[in-house]
1. Taking the dipole about the Cα centre of the range 18-91, with the C-beta of Lys and Arg at +1 and of Asp and Glu at -1, give me whichever of 77, 26, 38 is farthest to the positive side.
2. Ratio of alpha-carbon Rg to the 2.2 N^0.38 Å globular estimate for the range 167-218, to two decimals, please.
3. Report ³J(HN,Hα) in whole Hz for each residue of the range 147-152, in order, from the Karplus equation J = 6.51 cos²θ - 1.76 cosθ + 1.60 where θ = phi - 60°; Gly and Pro get x.
4. So how far apart, in nm, are the two label points at residue 324 and residue 192 if each is 7 Å from Cα heading toward Cβ?
5. Report the far tail of the P(r) of the chain, meaning the percent of Cα-Cα pairs longer than 32 Å.
6. At a 1.4 Å probe, what is the % contribution of carbon and sulfur to the accessible area of the chain?
7. Quick one: what does P(r) look like for the range 154-263 with 10 Å bins over all Cα pairs, in whole %?
8. Could you work out how much longer the chain between residue 226 and residue 255 gets when fully extended? Use 0.36 nm per residue separation minus the Cα distance between them, nm to one decimal.
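The values are calculated or read from the model by the stated rules, or taken from the named source; none is laboratory data. This structure is a prediction, so every number in the text was calculated from the model and none was measured. For neighbour counting, all protein chains shown are included, and Cβ atoms are generated from backbone atoms with ideal geometry for every residue, glycine included. Protein only, heavy atoms only, side chains kept; ligands, DNA and RNA dropped before computing areas. Shrake-Rupley method; radii C 1.70, N 1.55, O 1.52, S 1.80 Å.
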Amino acid sequence: TMAVLVLSVLILSCFSAIQFTHADSGMIGVNYGRIADNLPAPEKVVELLKSQGINRVKLFDTDKTVLTALANSGIKVVVSLPNENLTAAAADQSYTDNWVQENVKKYTPATDIEAIAVGNEVFVDPKNTTKYLVAAMTNVHSSLVKFNLDESVKISSPIALSALANSYPPSAGSFKPDLIEPVIKPMLDLLRKTSSHLMVNAYPFFAYAANADKIPLDYALFKENAGNVDSGNGLKYNSLFDAQIDAVFAAMAAVGFNDVKLVVTETGWPSAGDENEIGAGSANAAAYNGGLVKRVLTGNGTPLKSNEPLNVYLFALFNENQKTGPTSERNYGLFYPNENKVYDVPFSATVTPVSDSKVKVPVKTPSHVGQTWCVANGKTTKEKLQEALDYACGEGGADCRPIQKGATCYDPESLEAHASYAFNSYYQKNARGVGTCNFGGAAYVVSQPPKYGKCEFPTGH
(Lines give C-alpha, C1' and ligand atoms only; values in the text may rest on other atoms or scores of the structure.)
Protein backbone atom coordinates (compact mmCIF):
# COMPACT_ATOMS: atom_id res chain seq x y z
CA THR A 1 0.00 0.00 0.00
CA MET A 2 1.10 3.48 -0.48
CA ALA A 3 0.75 4.77 2.96
CA VAL A 4 3.66 6.95 3.44
CA LEU A 5 2.92 9.93 5.52
CA VAL A 6 5.49 10.15 8.17
CA LEU A 7 4.48 12.89 10.45
CA SER A 8 7.91 13.82 11.22
CA VAL A 9 7.82 12.15 14.19
CA LEU A 10 10.27 13.47 16.43
CA ILE A 11 10.53 16.97 15.77
CA LEU A 12 8.56 19.11 17.94
CA SER A 13 11.60 20.45 19.70
CA CYS A 14 12.17 24.11 19.11
CA PHE A 15 15.55 23.75 17.50
CA SER A 16 14.11 21.85 14.59
CA ALA A 17 13.74 25.15 12.75
CA ILE A 18 10.39 24.80 11.11
CA GLN A 19 10.29 27.89 8.92
CA PHE A 20 6.63 28.73 9.02
CA THR A 21 4.70 31.72 10.21
CA HIS A 22 2.83 30.06 13.06
CA ALA A 23 4.99 29.17 16.02
CA ASP A 24 2.96 26.03 16.57
CA SER A 25 2.10 25.06 13.03
CA GLY A 26 2.90 21.55 11.89
CA MET A 27 5.23 20.50 9.14
CA ILE A 28 4.76 18.99 5.69
CA GLY A 29 7.07 16.38 4.21
CA VAL A 30 6.75 14.11 1.21
CA ASN A 31 7.22 10.39 0.52
CA TYR A 32 9.85 9.73 -2.13
CA GLY A 33 8.85 6.32 -3.50
CA ARG A 34 10.84 4.86 -6.41
CA ILE A 35 8.82 1.95 -7.83
CA ALA A 36 9.29 3.27 -11.36
CA ASP A 37 11.73 3.00 -14.25
CA ASN A 38 11.56 6.61 -15.45
CA LEU A 39 12.38 8.81 -12.44
CA PRO A 40 14.97 11.60 -12.46
CA ALA A 41 18.39 10.96 -10.89
CA PRO A 42 18.42 11.48 -7.09
CA GLU A 43 20.56 14.65 -7.47
CA LYS A 44 17.84 16.15 -9.67
CA VAL A 45 15.19 15.09 -7.16
CA VAL A 46 17.02 16.90 -4.34
CA GLU A 47 17.10 20.06 -6.51
CA LEU A 48 13.36 19.65 -7.13
CA LEU A 49 12.62 19.28 -3.39
CA LYS A 50 14.66 22.37 -2.58
CA SER A 51 13.02 24.41 -5.36
CA GLN A 52 9.62 23.59 -3.83
CA GLY A 53 10.68 24.42 -0.27
CA ILE A 54 10.21 20.79 0.84
CA ASN A 55 12.60 20.13 3.71
CA ARG A 56 11.44 16.73 4.92
CA VAL A 57 11.37 13.50 2.98
CA LYS A 58 10.49 9.89 3.76
CA LEU A 59 12.14 7.00 1.94
CA PHE A 60 11.02 3.36 1.77
CA ASP A 61 14.55 1.99 1.99
CA THR A 62 18.13 3.18 2.50
CA ASP A 63 19.27 3.48 -1.11
CA LYS A 64 22.89 4.57 -1.27
CA THR A 65 22.55 6.96 -4.25
CA VAL A 66 19.54 8.67 -2.64
CA LEU A 67 21.12 9.05 0.81
CA THR A 68 24.32 10.37 -0.76
CA ALA A 69 22.39 12.88 -2.91
CA LEU A 70 20.59 14.16 0.22
CA ALA A 71 23.88 14.93 2.03
CA ASN A 72 24.29 18.60 3.04
CA SER A 73 20.92 19.47 1.48
CA GLY A 74 19.24 20.74 4.66
CA ILE A 75 16.51 18.13 4.12
CA LYS A 76 15.55 15.90 7.07
CA VAL A 77 15.17 12.25 6.14
CA VAL A 78 13.15 9.27 7.39
CA VAL A 79 14.61 5.95 6.20
CA SER A 80 12.96 2.54 6.29
CA LEU A 81 13.97 -0.98 7.18
CA PRO A 82 11.80 -3.11 4.84
CA ASN A 83 9.35 -5.74 6.12
CA GLU A 84 11.43 -8.57 4.66
CA ASN A 85 14.29 -7.66 7.04
CA LEU A 86 12.17 -7.81 10.21
CA THR A 87 12.73 -11.50 10.96
CA ALA A 88 16.52 -11.09 10.82
CA ALA A 89 16.40 -7.81 12.78
CA ALA A 90 14.28 -9.41 15.52
CA ALA A 91 16.51 -12.47 15.82
CA ASP A 92 19.91 -10.90 16.13
CA GLN A 93 21.32 -7.73 17.64
CA SER A 94 24.46 -8.04 15.53
CA TYR A 95 22.26 -7.85 12.41
CA THR A 96 20.77 -4.50 13.46
CA ASP A 97 24.20 -3.24 14.60
CA ASN A 98 25.48 -3.91 11.12
CA TRP A 99 22.35 -2.49 9.46
CA VAL A 100 22.51 0.76 11.46
CA GLN A 101 26.25 1.06 10.81
CA GLU A 102 25.85 0.58 7.03
CA ASN A 103 22.56 2.39 6.43
CA VAL A 104 22.47 5.18 9.00
CA LYS A 105 25.77 5.91 10.73
CA LYS A 106 27.73 5.86 7.48
CA TYR A 107 25.66 8.78 6.09
CA THR A 108 25.27 10.96 9.19
CA PRO A 109 25.66 13.75 10.01
CA ALA A 110 26.02 14.93 6.37
CA THR A 111 22.65 13.34 5.60
CA ASP A 112 20.22 14.44 8.30
CA ILE A 113 18.49 11.13 9.13
CA GLU A 114 15.94 11.84 11.87
CA ALA A 115 13.97 8.61 12.08
CA ILE A 116 13.83 4.98 11.03
CA ALA A 117 10.54 3.42 10.00
CA VAL A 118 10.96 -0.21 11.05
CA GLY A 119 8.71 -2.04 8.59
CA ASN A 120 5.66 -0.52 6.90
CA GLU A 121 2.01 -1.43 7.58
CA VAL A 122 3.30 -4.69 9.04
CA PHE A 123 -0.11 -5.88 10.30
CA VAL A 124 -1.45 -6.04 6.75
CA ASP A 125 1.72 -7.54 5.27
CA PRO A 126 0.65 -10.78 3.54
CA LYS A 127 3.83 -12.45 4.85
CA ASN A 128 2.63 -11.70 8.40
CA THR A 129 5.72 -10.44 10.19
CA THR A 130 3.76 -8.85 13.06
CA LYS A 131 5.27 -11.09 15.74
CA TYR A 132 8.78 -9.87 14.88
CA LEU A 133 7.99 -6.16 14.87
CA VAL A 134 8.60 -5.03 18.45
CA ALA A 135 11.73 -7.18 18.83
CA ALA A 136 13.10 -5.71 15.58
CA MET A 137 12.32 -2.14 16.73
CA THR A 138 13.94 -2.82 20.12
CA ASN A 139 17.11 -4.17 18.49
CA VAL A 140 17.31 -1.24 16.06
CA HIS A 141 17.01 1.16 18.99
CA SER A 142 19.71 -0.69 20.97
CA SER A 143 21.99 -0.38 17.93
CA LEU A 144 21.30 3.36 17.75
CA VAL A 145 22.27 3.62 21.45
CA LYS A 146 25.47 1.69 20.73
CA PHE A 147 26.49 4.22 18.05
CA ASN A 148 25.32 7.18 20.16
CA LEU A 149 22.62 8.03 17.60
CA ASP A 150 19.52 7.42 19.73
CA GLU A 151 19.03 11.10 20.61
CA SER A 152 19.09 12.30 16.99
CA VAL A 153 17.46 9.30 15.27
CA LYS A 154 14.06 8.07 16.49
CA ILE A 155 12.28 4.82 15.69
CA SER A 156 8.72 3.90 14.81
CA SER A 157 6.68 1.75 12.44
CA PRO A 158 3.91 3.12 10.20
CA ILE A 159 0.54 1.50 10.87
CA ALA A 160 -2.42 1.53 8.48
CA LEU A 161 -5.82 2.72 9.71
CA SER A 162 -6.95 -0.89 9.31
CA ALA A 163 -5.20 -1.51 12.66
CA LEU A 164 -8.33 0.03 14.19
CA ALA A 165 -11.36 -2.11 14.99
CA ASN A 166 -13.49 1.02 15.16
CA SER A 167 -12.92 4.55 13.87
CA TYR A 168 -16.37 6.13 13.95
CA PRO A 169 -17.24 8.27 15.77
CA PRO A 170 -13.60 9.28 16.46
CA SER A 171 -14.14 9.15 20.24
CA ALA A 172 -14.91 5.42 19.91
CA GLY A 173 -11.59 4.71 18.15
CA SER A 174 -10.11 1.38 19.26
CA PHE A 175 -7.39 -1.02 18.11
CA LYS A 176 -8.20 -4.53 16.91
CA PRO A 177 -8.35 -6.66 20.06
CA ASP A 178 -5.99 -9.35 18.73
CA LEU A 179 -3.24 -6.73 18.18
CA ILE A 180 -3.42 -4.96 21.55
CA GLU A 181 -1.48 -7.23 23.93
CA PRO A 182 0.97 -8.85 21.49
CA VAL A 183 2.09 -5.73 19.62
CA ILE A 184 0.26 -2.41 20.17
CA LYS A 185 0.98 -1.98 23.88
CA PRO A 186 4.64 -3.08 23.76
CA MET A 187 5.21 -0.90 20.65
CA LEU A 188 3.63 2.19 22.24
CA ASP A 189 5.63 1.51 25.41
CA LEU A 190 8.84 1.50 23.36
CA LEU A 191 7.82 4.73 21.57
CA ARG A 192 7.10 6.37 24.93
CA LYS A 193 10.47 5.30 26.38
CA THR A 194 12.40 6.53 23.34
CA SER A 195 10.40 9.79 22.89
CA SER A 196 9.39 8.62 19.43
CA HIS A 197 6.09 9.14 17.64
CA LEU A 198 3.57 6.64 16.37
CA MET A 199 3.64 6.68 12.57
CA VAL A 200 0.21 6.46 10.95
CA ASN A 201 -0.80 6.14 7.29
CA ALA A 202 -4.22 7.72 6.79
CA TYR A 203 -6.12 7.91 3.51
CA PRO A 204 -9.54 9.58 3.62
CA PHE A 205 -9.75 8.68 -0.08
CA PHE A 206 -10.26 5.00 0.74
CA ALA A 207 -13.03 5.74 3.23
CA TYR A 208 -14.72 8.11 0.79
CA ALA A 209 -14.45 5.77 -2.23
CA ALA A 210 -16.02 2.95 -0.18
CA ASN A 211 -18.80 5.12 1.33
CA ALA A 212 -19.40 7.90 -1.20
CA ASP A 213 -23.14 7.63 -0.58
CA LYS A 214 -22.66 8.47 3.12
CA ILE A 215 -19.59 10.76 3.27
CA PRO A 216 -19.89 14.25 1.69
CA LEU A 217 -17.04 14.87 -0.75
CA ASP A 218 -16.40 18.37 0.66
CA TYR A 219 -15.87 16.79 4.11
CA ALA A 220 -13.20 14.52 2.64
CA LEU A 221 -11.51 17.34 0.66
CA PHE A 222 -11.08 20.05 3.35
CA LYS A 223 -13.70 22.21 1.63
CA GLU A 224 -16.39 24.26 3.35
CA ASN A 225 -18.97 21.87 4.83
CA ALA A 226 -21.49 21.64 7.65
CA GLY A 227 -19.17 19.40 9.66
CA ASN A 228 -19.88 16.41 11.83
CA VAL A 229 -20.40 16.39 15.60
CA ASP A 230 -18.95 13.42 17.50
CA SER A 231 -21.84 12.12 19.60
CA GLY A 232 -19.36 10.68 22.10
CA ASN A 233 -17.46 13.82 23.08
CA GLY A 234 -19.38 16.68 21.43
CA LEU A 235 -16.40 17.80 19.33
CA LYS A 236 -17.08 19.09 15.83
CA TYR A 237 -15.15 17.76 12.84
CA ASN A 238 -14.83 19.62 9.55
CA SER A 239 -12.63 17.07 7.82
CA LEU A 240 -12.50 13.31 7.54
CA PHE A 241 -8.70 13.46 7.97
CA ASP A 242 -9.00 15.04 11.43
CA ALA A 243 -11.64 12.48 12.39
CA GLN A 244 -9.37 9.60 11.34
CA ILE A 245 -6.38 10.94 13.28
CA ASP A 246 -8.47 11.50 16.41
CA ALA A 247 -9.78 7.93 16.16
CA VAL A 248 -6.13 6.82 16.47
CA PHE A 249 -5.58 9.16 19.44
CA ALA A 250 -8.70 7.73 21.10
CA ALA A 251 -7.48 4.18 20.48
CA MET A 252 -4.10 5.04 22.04
CA ALA A 253 -5.81 6.61 25.07
CA ALA A 254 -7.99 3.51 25.47
CA VAL A 255 -4.89 1.34 26.00
CA GLY A 256 -3.21 3.86 28.31
CA PHE A 257 -0.94 5.82 25.95
CA ASN A 258 -2.59 9.23 25.72
CA ASP A 259 0.84 10.90 25.93
CA VAL A 260 2.49 9.36 22.84
CA LYS A 261 2.67 11.77 19.90
CA LEU A 262 1.73 10.93 16.34
CA VAL A 263 3.05 11.69 12.87
CA VAL A 264 1.14 11.00 9.65
CA THR A 265 3.69 9.21 7.52
CA GLU A 266 1.45 8.86 4.47
CA THR A 267 -1.64 10.56 3.18
CA GLY A 268 -2.70 11.62 -0.26
CA TRP A 269 -5.32 11.48 -2.99
CA PRO A 270 -4.96 9.95 -6.47
CA SER A 271 -5.20 12.18 -9.56
CA ALA A 272 -6.55 9.27 -11.62
CA GLY A 273 -8.23 5.95 -10.93
CA ASP A 274 -10.35 3.15 -12.34
CA GLU A 275 -14.06 3.67 -12.96
CA ASN A 276 -15.00 2.13 -9.61
CA GLU A 277 -12.54 4.35 -7.69
CA ILE A 278 -15.05 7.05 -6.87
CA GLY A 279 -13.53 10.48 -6.28
CA ALA A 280 -10.16 9.87 -7.96
CA GLY A 281 -9.15 12.80 -10.21
CA SER A 282 -6.76 15.73 -10.41
CA ALA A 283 -9.19 18.41 -9.22
CA ASN A 284 -9.99 16.39 -6.07
CA ALA A 285 -6.32 15.52 -5.52
CA ALA A 286 -5.42 19.23 -5.76
CA ALA A 287 -8.22 20.12 -3.33
CA TYR A 288 -7.20 17.42 -0.82
CA ASN A 289 -3.46 17.99 -0.79
CA GLY A 290 -3.79 21.78 -1.09
CA GLY A 291 -6.38 21.83 1.70
CA LEU A 292 -4.24 19.58 3.87
CA VAL A 293 -1.09 21.68 3.44
CA LYS A 294 -3.00 24.84 4.32
CA ARG A 295 -4.67 23.04 7.24
CA VAL A 296 -1.32 21.84 8.64
CA LEU A 297 0.62 25.07 8.18
CA THR A 298 -2.01 27.50 9.44
CA GLY A 299 -4.14 25.46 11.80
CA ASN A 300 -3.93 23.91 15.22
CA GLY A 301 -3.85 20.23 15.87
CA THR A 302 -6.93 18.01 15.68
CA PRO A 303 -10.08 18.74 17.75
CA LEU A 304 -8.96 16.20 20.37
CA LYS A 305 -5.34 17.45 20.55
CA SER A 306 -5.69 21.02 19.40
CA ASN A 307 -2.41 22.23 20.89
CA GLU A 308 -0.27 19.55 19.22
CA PRO A 309 1.00 20.46 15.75
CA LEU A 310 0.03 18.12 12.94
CA ASN A 311 3.02 16.69 11.10
CA VAL A 312 2.29 15.07 7.77
CA TYR A 313 4.11 13.38 4.87
CA LEU A 314 2.24 13.58 1.59
CA PHE A 315 2.15 10.52 -0.59
CA ALA A 316 3.89 10.83 -2.94
CA LEU A 317 6.51 12.81 -4.78
CA PHE A 318 6.15 11.08 -8.17
CA ASN A 319 3.66 8.99 -10.10
CA GLU A 320 5.26 5.52 -9.95
CA ASN A 321 4.63 3.54 -13.13
CA GLN A 322 5.67 0.11 -11.85
CA LYS A 323 3.34 -0.08 -8.86
CA THR A 324 0.82 -2.89 -9.10
CA GLY A 325 -2.88 -2.76 -8.25
CA PRO A 326 -5.62 -0.37 -9.37
CA THR A 327 -4.86 2.68 -11.55
CA SER A 328 -4.88 4.96 -8.51
CA GLU A 329 -1.72 3.28 -7.16
CA ARG A 330 0.29 4.72 -10.08
CA ASN A 331 -1.26 8.19 -9.75
CA TYR A 332 -0.59 9.54 -6.26
CA GLY A 333 2.31 11.72 -7.40
CA LEU A 334 2.53 15.47 -7.02
CA PHE A 335 4.95 15.42 -9.97
CA TYR A 336 5.32 13.54 -13.23
CA PRO A 337 8.70 11.85 -13.76
CA ASN A 338 9.64 14.77 -16.06
CA GLU A 339 9.31 17.01 -12.94
CA ASN A 340 6.21 18.84 -14.19
CA LYS A 341 3.50 19.21 -11.56
CA VAL A 342 0.49 16.92 -11.89
CA TYR A 343 -1.49 19.79 -10.32
CA ASP A 344 -0.53 22.77 -8.23
CA VAL A 345 0.08 22.41 -4.49
CA PRO A 346 1.84 25.26 -2.68
CA PHE A 347 4.13 23.89 0.04
CA SER A 348 4.10 27.04 2.13
CA ALA A 349 1.28 28.80 3.84
CA THR A 350 0.87 32.36 2.73
CA VAL A 351 -0.55 33.78 5.91
CA THR A 352 -1.30 37.46 5.63
CA PRO A 353 -0.84 39.12 9.00
CA VAL A 354 -3.96 40.95 10.10
CA SER A 355 -3.55 44.37 11.73
CA ASP A 356 -3.38 44.60 15.54
CA SER A 357 -7.10 44.32 15.98
CA LYS A 358 -7.94 40.62 15.71
CA VAL A 359 -11.65 41.21 15.27
CA LYS A 360 -11.56 42.90 11.90
CA VAL A 361 -11.08 39.78 9.80
CA PRO A 362 -12.91 40.49 6.54
CA VAL A 363 -15.68 38.01 5.96
CA LYS A 364 -15.24 38.19 2.21
CA THR A 365 -11.91 38.79 0.55
CA PRO A 366 -11.90 41.12 -2.47
CA SER A 367 -13.37 39.13 -5.30
CA HIS A 368 -10.15 38.44 -7.18
CA VAL A 369 -7.56 38.00 -4.41
CA GLY A 370 -5.69 34.73 -4.88
CA GLN A 371 -7.66 33.89 -8.02
CA THR A 372 -6.19 33.29 -11.44
CA TRP A 373 -7.48 33.29 -15.01
CA CYS A 374 -6.16 31.99 -18.30
CA VAL A 375 -5.92 34.28 -21.34
CA ALA A 376 -4.70 34.02 -24.93
CA ASN A 377 -1.17 35.09 -25.75
CA GLY A 378 -1.65 37.87 -28.32
CA LYS A 379 1.85 37.27 -29.73
CA THR A 380 0.85 33.79 -30.95
CA THR A 381 0.03 33.23 -34.63
CA LYS A 382 -3.64 33.29 -35.63
CA GLU A 383 -3.35 29.69 -36.82
CA LYS A 384 -2.06 28.51 -33.46
CA LEU A 385 -4.74 30.45 -31.57
CA GLN A 386 -7.49 29.05 -33.80
CA GLU A 387 -6.17 25.50 -33.38
CA ALA A 388 -6.05 25.87 -29.59
CA LEU A 389 -9.51 27.46 -29.54
CA ASP A 390 -10.92 24.55 -31.58
CA TYR A 391 -9.35 22.07 -29.16
CA ALA A 392 -10.63 23.89 -26.04
CA CYS A 393 -14.19 24.11 -27.37
CA GLY A 394 -14.07 20.57 -28.80
CA GLU A 395 -12.48 17.64 -26.98
CA GLY A 396 -11.21 19.99 -24.24
CA GLY A 397 -14.82 20.37 -23.04
CA ALA A 398 -14.71 24.14 -22.40
CA ASP A 399 -18.07 25.93 -22.21
CA CYS A 400 -17.99 27.98 -25.43
CA ARG A 401 -21.69 28.85 -25.61
CA PRO A 402 -21.14 32.46 -24.39
CA ILE A 403 -18.86 33.20 -27.38
CA GLN A 404 -21.37 32.04 -30.04
CA LYS A 405 -22.95 34.75 -32.25
CA GLY A 406 -25.57 36.69 -30.25
CA ALA A 407 -24.41 35.35 -26.84
CA THR A 408 -23.06 37.44 -23.93
CA CYS A 409 -19.34 37.16 -24.76
CA TYR A 410 -19.47 37.25 -28.59
CA ASP A 411 -18.42 40.92 -28.46
CA PRO A 412 -15.70 41.94 -29.02
CA GLU A 413 -15.61 39.67 -32.04
CA SER A 414 -11.87 38.97 -32.01
CA LEU A 415 -10.00 35.70 -32.07
CA GLU A 416 -7.92 36.72 -29.02
CA ALA A 417 -11.01 37.58 -26.92
CA HIS A 418 -12.86 34.38 -27.91
CA ALA A 419 -9.78 32.20 -27.38
CA SER A 420 -9.19 33.83 -23.96
CA TYR A 421 -12.75 32.98 -22.91
CA ALA A 422 -12.42 29.36 -24.07
CA PHE A 423 -8.95 28.89 -22.55
CA ASN A 424 -10.14 30.29 -19.22
CA SER A 425 -13.21 28.04 -19.20
CA TYR A 426 -10.97 25.01 -19.79
CA TYR A 427 -8.51 26.17 -17.10
CA GLN A 428 -11.20 26.74 -14.45
CA LYS A 429 -12.91 23.41 -15.25
CA ASN A 430 -9.60 21.66 -14.65
CA ALA A 431 -9.26 23.28 -11.22
CA ARG A 432 -6.58 25.67 -12.48
CA GLY A 433 -4.13 22.76 -12.58
CA VAL A 434 -0.55 23.33 -13.65
CA GLY A 435 -0.23 22.85 -17.41
CA THR A 436 -3.93 23.51 -18.07
CA CYS A 437 -3.23 27.08 -19.26
CA ASN A 438 -0.63 26.63 -21.93
CA PHE A 439 -2.07 25.34 -25.22
CA GLY A 440 1.39 25.01 -26.70
CA GLY A 441 2.39 28.52 -25.64
CA ALA A 442 -0.84 30.10 -26.87
CA ALA A 443 -2.01 31.00 -23.34
CA TYR A 444 -0.76 32.18 -19.98
CA VAL A 445 -2.07 32.74 -16.43
CA VAL A 446 -3.01 36.19 -15.11
CA SER A 447 -4.03 37.22 -11.59
CA GLN A 448 -6.27 40.16 -12.55
CA PRO A 449 -9.77 39.63 -14.00
CA PRO A 450 -9.50 39.81 -17.81
CA LYS A 451 -11.47 42.60 -19.54
CA TYR A 452 -12.91 42.03 -23.00
CA GLY A 453 -15.92 44.28 -23.58
CA LYS A 454 -18.66 43.56 -21.03
CA CYS A 455 -17.79 39.86 -20.76
CA GLU A 456 -17.43 38.39 -17.24
CA PHE A 457 -14.87 35.60 -17.05
CA PRO A 458 -15.84 32.73 -14.73
CA THR A 459 -13.41 32.00 -11.87
CA GLY A 460 -14.53 28.54 -10.88
CA HIS A 461 -15.26 29.88 -7.37
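1. Working it through, the farthest residue towards the positive pole turns out to be 26.
2. Numbers: Rg = 14.9 Å, N = 52, 2.2 N^0.38 = 9.9 Å.
Dividing the Cα radius of gyration by 2.2 N^0.38 Å gives 1.51.
3. Working through the residues one at a time gives 9, 6, 10, 5, 6, 8 Hz.
4. The answer from the label model is 4.0 nm.
5. Numbers: 46413 of 106030 pairs.
Value for the chain (Cα pairs over 32 Å): 44 percent.
6. Numbers: 10790 of 20910 Å².
Percent of accessible area from carbon and sulfur atoms in the chain: 52.
7. Whole-percent P(r) values from 0 Å outward: 14, 45, 29, 11, 0.
8. Working: separation 29, 0.36 × 29 = 10.44 nm, distance 3.20 nm.
Separation in residues times 0.36 nm, less the Cα-Cα distance, equals 7.2 nm.
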